[in-house]
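Beneath this line is the structure, given in structure tokens, with notes to follow.
The values are calculated or read from the model by the stated rules, or taken from the named source; none is laboratory data. Values in this document were obtained by computation on a predicted structure and should not be read as measured data. Please note: Cβ atoms are built from the backbone with ideal geometry, for glycine as well, and neighbour counts cover all protein chains shown.
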Amino acid sequence: MKQRILFVCLGNICRSPAAEGIMRRLVADAGLEGVIEVDSAGTYGGHAGELPDARMRRAAVKRGYDLRHRSRRIAEEDFAAFDCIVAMDDTNYEALCRMAPSREAIGKVCRMAEFFGPAYADRTYVPDPYYEGHEGFERVLDMLQEGCANLLAEVRSRIRS
Ligand code: 4NP
């Protein structure tokens, strides 16, 4: 069974397109491109059509991730099109739960922090790096690399069952 994952943050120019790029690479490395689809969106549409923030693209490309996503606002159809909708923080999580058109749709929404391992056991969200310096972007990429690897393991187990 095909699995579709949607990463969601506020502007869809920093955290969620980075998560999308990281997960795309993990999926390709695992040879699962035809089985797992990945996309990202924002709860705020003010950056629609833009490439990811230049600071995030610079930090990501150094790790081998070429981020080419164009920002878009989440739409109601996404709740039907995706199996797993991953919010970067509590504000996004709550916005997604409010937007979800059904109880089944709410059941698809989860938090990225649920997939953090022991290194980030005290973290409940992926911090917004938009108003931060360079280290903020590096920290977000570290967290997303760990979270995406654990999320992929979970999604792979769903495919098998
Ligand atoms: P993101 O970061 O939600 O990780 O894409 C932000 C991008 C833009 C804004 C806030 C956060 N903004 O206020 O425009």
Taking the options G117, G31, G45, name whichever one is at pLDDT below 95 and either away from the ligand (no atom under 16 Å from the Cβ) or surrounded by fewer than 19 Cβ atoms within 10 Å (Cβ to Cβ) (or both). G117
Within region 75-116, which helices (runs of 4 or more DSSP H) (wholly inside it) include 2 or more residues that are without any contact (Cβ under 8 Å) to a residue 24 or more places away in the chain? 90-99, 103-106
What's the number of the only condition in (1) basic (K, R); (2) within 12 Å of the ligand (Cβ to nearest atom); (3) out of contact with any Phe, Trp or Tyr (no Cβ under 7 Å at 6 or more places or on another chain) that R70 fails to meet? (2)
Scanning region 9-28 for residues that are within 17 Å of F115 (Cα to Cα) and within 9 Å of the ligand (Cβ to nearest atom) gives C9, R15, S16, A18
Can you say whether R139 is touching a helix residue (DSSP H, G or I) at 6+ places or on another chain (Cβ under 9 Å), of a type in the set (K, R) and within 16 Å of the ligand (Cβ to nearest atom), as far as the supplied structure shows? no
Residue list for region 125-141, restricted to those being free of Cβ contacts under 8 Å to residues at least 60 places away in the same chain and surrounded by 14 or more Cβ atoms within 10 Å (Cβ to Cβ): Y125, P127, E132, G136, R139
Listed by first then second residue, the pairs whose first member lies in region 25-37 and is over 14 Å from C148 (Cα atoms), whose partner is surrounded by fewer than 18 Cβ atoms within 10 Å (Cβ to Cβ), with beta carbons under 7 Å and at least 6 positions apart or on separate chains, are V35/K2; V35/I159
